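All of the numbers you see were taken from the coordinates with simple rules; none came from a lab. Because the structure is a prediction, the values reported are computed rather than measured. So basically every Cβ, Gly included, is an ideal-geometry build from the backbone, and we count neighbours across all protein chains shown.
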Amino acid sequence: MSTTTASRRWKGLALIAAAQFMVIMDTSIIGVALPEMQVDLGFTQEDLSWVFNAYVVAFGGLLLLGGRLSDLFGARKVFTTGWAVLLAGSVLAGAAGSPAAELAGRAVQGAGAALVAPSALTLLMMTFGANPKELTKALALYGAAAPAGGTVGVFLGGIITEYLSWPWVFYVNVPIAVLVLLATPALLPAGGARRGSVDVVGALMVTLGLGAAVYAVVRAPEVGWGSASTWVALAVAAALLVGFVAVQASRREPLVRLGIFRTPNLGAANLAQLLLGGAWIPMWFFLNLYLQQVLGYSAFPSGAALLPMTALIMVGMIALAPKAMSAYGPRAMIVSGMLLLAAGLGWLSLVRPDGSFWVDVLPASLVAALGMSLAFIPSLGTAISSARPEEGGLASGIVNVSYQVGSALGLAAMTAIAAAAGAGETGDRSALTDGFSAAFVGAAIIALVGALAAAAFLRTGAPQQVSETVSEPVSEPVQG
């Protein structure tokens, strides 16, 4: 192989890693900017969570469709289309002058990410799959881009919001997307297309069903759990999700082959990922609000305050979790990680209206971050390694959807709990603290349920099998 060809392949990996980096950064960079967005755009305290959920619902709901389109129309074509959609959504979100426009932009961003993420991993496999040694290195670099995106997003969001303005947390995507779109044709293989059907109906049903469920839970504290609008929204969500299952069972080429859930450990590992997202994302969301709305931090110090936590996650996922899993096995790591996360969240529930970062935030957030880093990689690896080799892409897609769905529903539920406990009273630090504390308690219960479920339902397997899977991390789905 010529030096020029090898250099082009590794430059192509930079574009692929940029996709992973951006998808994760776009979930973390908005956290510090939320209070300023709330003031400028007129979001209520309850509806503010939709800035996150609009992205996650679109991303999680359309991930499997993105993988299917990548298979049918060629990975590079879907990759570039996804970047174009992400660029358009970023411009729309940055230019928004109302909550509705902001949420539309975030949903478009999520749809773009759902096209980018699975096609990026397909392109990586096409580029490096012929050389196992290079493939391992490429996958490791690709996997490291996720925690790097989370860490940079938190810090960069603080800098941008403090010294520019909140729209730039979206506009920062534009030059990156333009560079990727210009460089992709020269650096990444086109990939072949093949015949097949696209289950657009199924993809829309699961996305709209998830959105209706989140809407019902978020709005319930305001209109009442017994109100007709709440029950209608929940009924619509249930009908759409049940309809999605029925469509998958009847189609010759479904987005999800339902029989895969009979695979031992796959369902339990996906449940762990769902509950992990349901506990972690509310913690991250309400911790941002506590730092700014209660402790009075401005945007930059608030972002810097979360750096120790995100740095620990990055180190734990890359260096600690795979070694610990090889020694103790995935079930032990998932259970212990979820218990640590529950302990950290329980500690955070003790936050005070006149608290401090050093006492109320830092120690508890580090315990929670350590738990997250220990539980995430083993549950992800178990879900992927449990499936047949030819269904590894499908298993990866399902586990990523599980985490995104858990994130959306968990944040919706904790937003409702926080509002009911007083967090809807913006400007009253005591009421806000009571609401945030209740949300941390709720998230701790979710993490505890995750630990108990993992202990009860995960079978003890050979640690080496799963550790080999996560040494080549597959953190975004490819529909195979």
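Using Cα-only point scatterers and the Debye equation, what is log10 of I(q)/I(0) for the range 1-118 at each q in 0.13, 0.21 Å⁻¹, rounded to two decimals?
-0.54, -1.09
Which ³J(HN,Hα) values, rounded to whole Hz and listed in residue order, are derived for the range 323-340 from phi using the Karplus coefficients 6.51, -1.76 and 1.60 in 6.51 cos²θ - 1.76 cosθ + 1.60 with θ = phi - 60°, glycine and proline given as x?
Listing the rounded values in order: 5, 5, 5, 4, 7, 10, x, x, 4, 4, 6, 5, 5, 5, x, 5, 5, 5 Hz.
With +1 on each Lys and Arg Cβ and -1 on each Asp and Glu Cβ, and nothing else charged, work out how big the dipole of the chain is about its Cα centre, in Debye to the nearest 20. Please report the intermediate quantities before stating the final value.
Working: 22 positive and 22 negative charges, 352 e Å.
The dipole of the chain has a size of about 1680 debye.
By the gyration tensor of its Cα atoms, with a ≥ b ≥ c the square roots of the eigenvalues, what is the shape of the chain: rounded for a/c under 1.5, prolate for a/b over b/c, or oblate?
Working: a/c = 1.36, a/b = 1.31, b/c = 1.04.
Rounded, since a/c falls under 1.5.
Cα to Cα, under 19 Å, and not fewer than 8 places away if on the same chain: which lysines meet these conditions relative to K11?
Correct list for K11: K77, K133, K137.
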